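K.L.:
Before we start, here is the structure in question, set down as structure tokens.
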Amino acid sequence: MQDDKKNAAAYWSANLRLIAGSMFIWALVSYGFGILLRPLLSGISVGGTDLGFWFAQQGSILTFITLIFFYAWRMNRLDKKFGLEE
Amino acid sequence: MSQFMINMLFVGGSFVLYIGIAYWARAGSTKEFYVAGGGVHPIANGMATAADWMSAASFISMAGIIAATGYASSAYLMGWTGGYVILAMLLAPYLRKFGKFTVPDFIGERFYSRGARLMAVLCLILASVTYVIGQMTGAGVAFSRFLEVSSEAGIWIAAAIVFLYAVFGGMKGITYTQVAQYVVLIIAYTIPAVFISLQLTNNPIPMFGMFGTHAESGAPLLQKLTEVLVELGFRDYTADVPSHLNMVLFTLSLMVGTAGLPHVIIRFFTVPKVADARWSAGWALVFIALLYLTAPAVASMARLNLLTTVYPEAAKEVVNMDSYDQILGNSIQYADRPEWVKTWEGTGLIKFEDKNNDGQIQFYDDTNKAFAVDAEKRGWAGNELTVNNDILVLANPEIANLPSWVIGLIAAGGIAAALSTAAGLLLAISAAISHDLIKKTINPNISEKGEMLAARISMAAAIVMATWLGLNPPGFAAQVVALAFGIAGASIFPALMMGIFSKKMNDKGAIAGMMAGLGCTLLYIFTYLGWFFVASTAMLPNTPEHWVMGVSPLSFGAVGAVINFAVAYTVCSFTAETPQYIQDLVESVRSPKGAGAAIDH
């Protein structure tokens, strides 16, 4: 029983670390590159405009998709590693 | 065959398809009615979620808004997609593990309180009802444009179709019709976009064409667009916004609102496993992104197309900027305007007034004071052409000279977008009433058959109410989206998140948090938009100078969510601790193991 609890706690903190890392990238591409850091990226031009504009209208969405699939893949591996899969 | 007949054929054909699917997938048990039996494949669920999510506003209005405001509207693109990252990591898998039928079900059980459940039902109904009004009016507009009926008749037709497949099919019928509706709407959206991209940039993929080279002038497309816009006094398409804070908060509000909207969350209850809920969120975003990555391309290309229709010479290569005076002086004669302008003039959505009596069309920003001198030098006496933002997507096939069946397809697509969202919202409302109010609160002894009947009756009642509100919109169609997102983001999302991520959060904290989040958000929105959207009762003018710290009422959902968290944790620290069995419940929600057993209750 005690081992089960420890195992579950370790699984949960691994999950939280994964979420924290993913959410950092999530915020970086949208709020960072797309909005707040856009002035800093204005020197990098992409097809008639700058990199920040591309992140705001395309790059952030593409990153979001990658993040979700990455998270799903890693979590499914974590489920198995901790023996908690269905 | 006339355009009307073609439209009838496409729209009628799509209706036959939806009703056929609904008959095949009709619900036989409450589990099928609420969560489609919990056996939907994650990819099919992703498609259904995408159709559920993409409303008439996404399909018809979004590209128009982006075209009009450029970079500033990126908040819609990031906000309405970024919410799925939150859903996939913070909500969907755990709520699927919990394995019940509705969102208030989770809040009621997790916070071991009838008050929390009722509070969640209230928030859910407020958010969903305000949202469904927009869908009904959107369907009415699409019908009236393409089927040449009045928009009232259009709303009645929409209500009848939704009634047929939602009341009988429940979630099972809705899920599979939404899959079909997604296919219809995405084909309708992308075909004209591909052709326009080919015409303007020789690149068949709009999302690449947008950052490619404008074929006629040889300049990058966005650079060309910005150049012409600035010469006409319009705002620079790619320019930064005045307030970063407001844009960040607006984007965040749309994200947490997306994650908190109940009709999207319940879609993740329909997949077989927790792992499927994670994959399914990814697939949903892939299907949504097909439209959302195309929308900004459609926006910039349609805007450039509109400008070069009025000023044909502006499409050519311009080496010397001074020559723009002459180029823009040679705008087209009103008499020579293209056929699609004439069609849309008939609907009143394009208007022309020859203010300087030169027979030509002048299209520029006459509200830009800095530009007034230049305009006068050119002999212009004011902007002569007004174009409604909403027509961009609908008029796209005509602007690109595409065959008339594409117009029929757009008609069916616009209607599919409105119907699929309306059906999802109506299901969320009816499940909250029949399951959370009747079964879990008023009459726990109700039989399964009785609950099904109650669900169908509340669905029918919700459709009647939505129809009535669609016919008599309370004059705030544009603002309701802000309200729905504000409520969902400030009340439902924080409650769900704390329920999963904090074992210590107790009933009183959660209820106080929801009340505070909901209350502050309503107060802030009503202060600027009027109490219950009666404009005359607004207490402050809705302009940036009067907003608190420059935060627009549209952006307040994120602030409401922060207030919700703060109040909940404060109250929680003064009140009795969470009982052990609830802490165990949270523990079990966090682990995927044993989810199969949980649903067969």
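K.L.:
Using r as the Cβ-Cβ distance of residue A:9 and residue B:114, and R0 as 35 Å, what FRET efficiency do you calculate, to the nearest 0.05?
P.N.:
On the way: r = 32 Å, r/R0 = 0.91.
Between residue A:9 and residue B:114 the formula returns 0.65.
K.L.:
What fraction of the Cα pairs in region A:2-81, stated in percent, has a spacing above 19 angstrom?
P.N.:
Summing the P(r) tail past 19 Å for region A:2-81 gives 50 percent.
K.L.:
Obtain the nm distance between the two label points defined at residue B:216 and residue B:357 by a simple spin-label model: each point lies 7 Å from its Cα along the Cα-to-C-beta direction.
P.N.:
Each label point lies 7 Å from its Cα, and together they span 3.1 nm.
K.L.:
Hey, got the Cα dimensions of region B:242-401 along the principal axes, in Å, largest first?
P.N.:
In descending order, the Cα extents are 67, 38, 33 Å.
K.L.:
Let me ask you something else. Compute the FRET efficiency between residue B:504 and residue A:17 as 1/(1 + (r/R0)^6), taking r as their Cβ-Cβ distance and R0 = 22 Å, and round to the nearest 0.05. Show your work: numbers first, answer last.
P.N.:
Numbers: r = 21 Å, r/R0 = 0.94.
For R0 = 22 Å, the calculated efficiency reads 0.60.
K.L.:
Another question, if that's okay. Rounded to the nearest 500 deg cm²/dmol, what is the calculated helix-only ellipticity per residue at 222 nm for chain B, with -39500 (n - 2.57) per DSSP H run of length n ≥ 4?
P.N.:
Helix-only estimate at 222 nm: -20500 deg cm²/dmol.
K.L.:
By how many degrees, 0 to 90 and rounded to 10, does the Cα axis of helix A:2-27 deviate from the longest principal axis of chain A?
P.N.:
0 degrees
K.L.:
Expressed as an acute angle from 0 to 90° and rounded to the nearest 10, what is the orientation of the C-alpha long axis of helix A:60-81 relative to the principal long axis of chain A?
P.N.:
10 degrees
K.L.:
Right, something else. Write down, largest first, the equivalent ellipsoid semi-axes of region B:304-389 in whole Å, where each equals the square root of 5 times an eigenvalue of the alpha-carbon gyration tensor. It would help to have the intermediate numbers written out before the result.
P.N.:
Working: eigenvalues 91, 51, 27 Å².
With the √(5λ) rule applied to region B:304-389, the semi-axes are 21, 16, 12 Å.
K.L.:
What ranking of B:344, B:283, A:73 emerges when the number of other C-beta atoms within 10 Å of each C-beta is taken as an exposure proxy, fewest first?
P.N.:
Fewest to most other Cβ atoms nearby, the residues stand as A:73, B:344, B:283.
K.L.:
Treating only the Cβ of Lys, Arg, Asp and Glu as charged (+1, +1, -1, -1), what charge dipole size does the protein assembly as shown show about its Cα centre? Round to the nearest 20 debye.
P.N.:
Using only the charged Cβ atoms, the result is roughly 2700 debye.
K.L.:
Under 1.5 on a/c is rounded, so check that first for region B:354-438, then, if it is not, pick prolate when a/b is larger than b/c and oblate when it is not; a ≥ b ≥ c are the square roots of the alpha carbon gyration tensor eigenvalues. Don't jump to the answer; show the numbers that get you there.
P.N.:
Details: a/c = 5.85, a/b = 2.14, b/c = 2.73.
It is oblate, given that a/c is not under 1.5 and a/b is not larger than b/c.
K.L.:
Estimate the FRET efficiency between residue A:27 and residue B:3 by the formula 1/(1 + (r/R0)^6), using the beta-carbon distance for r and 60 Å for R0, to the nearest 0.05.
P.N.:
0.80
K.L.:
If you don't mind, another one. Tell me, what are the semi-axes, in whole angstrom and largest first, of the equivalent ellipsoid of the protein assembly as shown as set by the roots of 5 times the Cα gyration tensor eigenvalues?
P.N.:
Computed over the protein assembly as shown, the values are 44, 28, 24 Å.
K.L.:
Taking Cα atoms, how many degrees apart are the long axis of helix B:507-529 and the longest axis of chain B, rounded to 10 and kept between 0 and 90?
P.N.:
That works out to roughly 20 degrees.
K.L.:
Further question on the same structure: In debye to the nearest 20, how big a dipole does region B:39-141 give about its Cα centre with +1 on each Lys and Arg Cβ and -1 on each Asp and Glu Cβ?
P.N.:
Dipole size: approximately 340 debye.
K.L.:
If each residue's Cβ is checked for other Cβ atoms within 10 Å, how do B:201, B:102 rank with the fewest at the top?
P.N.:
B:201, B:102
K.L.:
Also, quick follow-up: Taking the Cα-to-Cβ direction at residue B:41 and at residue B:465 and moving 7 Å from each Cα, how far apart do the two end points lie in nm?
P.N.:
It is 3.7 nm.
K.L.:
Further, regarding this structure: Name the lysines eligible as straight-distance cross-link partners of residue B:224: C-alpha to C-alpha under 27 Å, and not fewer than 8 places from it in the same chain.
P.N.:
Within the straight-line limit of under 27 Å, residue B:224 reaches these lysines: B:316, B:342, B:351, B:369, B:377.
K.L.:
Rg/Rh for chain B: what does it come to with C-alpha atoms and Rh from Kirkwood?
P.N.:
1.00
K.L.:
Exceeding 22 Å between C-alpha atoms, which entries from my cross-link table qualify? They are B:172/B:439; B:439/B:593; A:5/B:508; B:31/B:97; B:273/B:439.
P.N.:
B:439/B:593; A:5/B:508; B:273/B:439
K.L.:
Based on Cβ point charges of +1 for Lys and Arg and -1 for Asp and Glu, what charge dipole magnitude is obtained for region B:305-433 about its Cα centre, in debye rounded to the nearest 20?
P.N.:
Rounded to the nearest 20 debye, it is 420 debye.
K.L.:
If I stretch the segment between residue B:535 and residue B:149 completely, what's the gain in nm (0.36 nm per residue apart, minus their alpha carbon distance), one decimal?
P.N.:
135.9 nm
K.L.:
Could I ask something else about it? Counting other C-beta atoms within 10 Å, and keeping those with at most 14, which DSSP coil chymotrypsin sites (Phe, Trp or Tyr not before Pro) do you find in region B:496-601? Present the calculation step by step, with values, prior to reporting the outcome.
P.N.:
Numbers: sites: B:501, B:524, B:526, B:528, B:531, B:532, B:533, B:547, B:556, B:565, B:569, B:574, B:581; in loops: B:547.
For chymotrypsin sites (Phe, Trp or Tyr not before Pro) across region B:496-601 that sit outside H, G, I, E and B with at most 14 neighbouring Cβ atoms in 10 Å, the list is empty.
K.L.:
Among A:52, A:10, A:73, whose Cα lies farthest out toward the positive end of the dipole of chain A, if unit charges sit on the beta carbon of Lys, Arg (+1) and Asp, Glu (-1)?
P.N.:
My answer, from the dipole projection, is A:10.
Where a number appears in this text, it was derived from the coordinates with a stated rule and is not lab data. What you see is a predicted model; the values in this text were computed from it and never measured. When we count neighbours, we look across all protein chains shown, and the Cβ atoms used for this are built from the backbone with ideal geometry, even at glycine.
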